Amino acid sequence: MTQHVHQHHPPVTLDAIAAIRYYVDRIVSSIEGMKVLLLDEETTQIVSTVYSQTTILEREVYLVERLNPDVPHEPMMHLRAVCFLRPTEENAALLARELAQPKYAEYHIFFSNICSANLLRSVAEADELESFLFASFGLVGVIALLYMKVLCKHFNDVQLILGGMVFMVASMLLMLGPDSFPVWRFYLAIFLMYAVGYPVGHTAAIGLFSKILGKRPQGYLMGVFGSAGSLARVVFPIVGGIIAERVSENALFSSGAAFLSVSALLLLAARDEVLHISQAEH
C-alpha cells in the first residue's frame with residue numbers, strides 16, 4: 001500500500017461549476033484502472049454537483065463512499081482509493097485511522113484547499129504498513145552487510161560492485177512509467193535499492209578503494225572518499241527534486257539509471273586493470 005498527495009490548479013475561469021468539474025475530472029482521470037472515490041460530507045456535495053453516476057462510471061470509478069474507517073469493510077486490494085477531502089483535522093484523523101488498516105492497494109489523496117505541512121505530516125506518519133516495510137528492507141540491508149565476508153569468498157570486489165549497480169539500475173527502471181502503477185513495483189524497487197543494491201555495492205566500493213590505496217595514508221584519503229559521499233547525499237536530493245518538479249519523475253529515474261549504467265560499463269571495461277592494481281597494492 002502506498003499513498004500519494006497531489007495538487008492540481010484549474011485554469012482561471014468565471015464559471016465556478018466548470019472550474020470544479022475540471023478539478024474533479026483531473027482527480028479521477030489521473031489515476032488509471034479501477035478505483036474507489038472516498039469523500040467527506042462537503043466533497044460529496046461537490047462531486048454530486050458536477051458528476052452524474054454515468055459519468056463517474058466512465059472514469060472507472062466503481063465505488064463512491066464516505067471516508068469512515070469505523071464502518072466494517074472487506075479489503076479490496078484490487079482497487080485504488082482516490083480521496084478527495086477538505087484539509088481539516090477531522091479528515092486527517094480519519095485518514096490516519098484508514099491508513100493504519102488499509103483496505104485498498106493505494107491511496108491517492110487530493111485536498112479541496114491548501115493543506116498545512118503539519119496536517120500532511122500527521123497523515124504520512126499514520127502509514128504504519130509502509131513504515132514497517134521500509135524498516136524491514138533496512139534490516140535486510142544490515143544482514144547483507146554482515147554477510148559481506150561470505151560474499152567476498154565467492155565474488156571479487158568488482159563483481160560485487162557491478163552486482164550492486166545492476167540491482168540499483170533495476171530499481172530505477174521499475175519506477176519508470178505512468179503516475180500510477182502496481183504497488184508491488186514500488187516495494188520491489190525500494191527492496192532492490194536499499195536492501196541489496198546500495199548496501200552491497202557501496203560496501204564493496206569502499207573495500208576496493210581501501211585496497212587500491214594500499215600503504216598510502218588511508219585516513220586522509222578515506223576521509224575524502226567519505227566526504228564526497230556525504231556531499232552527494234546533500235546535493236543529489238536537491239538536484240533530484242528540481243528534475244522531478246521541472247521535468248518529470250521519469251526523467252529523474254531514467255537519468256539515474258543511465259548514469260549508473262555508464263559507470264558500470266566503464267568499470268566492466270577496466271575490471272582487469274582495477275583488480276590488478278588493488279591486488280598489487282594490497
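Scan segment 52-86 for residues that are charged (D, E, K, R) and at pLDDT 85 or above and the total you get is 4.
Residue pairs whose Cβ atoms lie under 8 Å apart, sitting 6 or more positions apart in sequence or on different chains, and linking a residue in segment 147-171 that is within 29 Å of Ser254 (Cα to Cα) to a partner that is among the hydroxyl-bearing types (Ser, Thr, Tyr) and open to solvent by less than 30 Å² (accessible area, probe 1.4 Å), are Asp157/Ser278. Only residues that are among the acidic types (Asp, Glu) and touching a helix residue (DSSP H, G or I) at 6+ places or on another chain (Cβ under 6 Å) were counted in segment 14-51, giving 1. Can you find even one residue in segment 133-145 that is touching a residue at least 12 places away in the same chain (Cβ under 8 Å), open to solvent by 30 Å² or more (accessible area, probe 1.4 Å) and farther than 20 Å from Tyr194 by Cα? Within segment 133-145, none of the residues are touching a residue at least 12 places away in the same chain (Cβ under 8 Å), open to solvent by 30 Å² or more (accessible area, probe 1.4 Å) and farther than 20 Å from Tyr194 by Cα. In segment 15-51, the qualifying residues are those that are part of a loop (DSSP other than H, G, I, E, B) and open to solvent by less than 70 Å² (accessible area, probe 1.4 Å), and the one that is modelled with the highest pLDDT is Asp40.
The values are calculated or read from the model by the stated rules, or taken from the named source; none is laboratory data. Just so you know, these numbers come straight off a predicted model, no measurement behind them. No Cβ is skipped: glycine too gets one built from the backbone with ideal geometry, and neighbour counts run over all protein chains shown. These area figures cover heavy atoms from the full protein model, side chains too; ligands, DNA and RNA do not enter into them. Shrake-Rupley method; radii C 1.70, N 1.55, O 1.52, S 1.80 Å.
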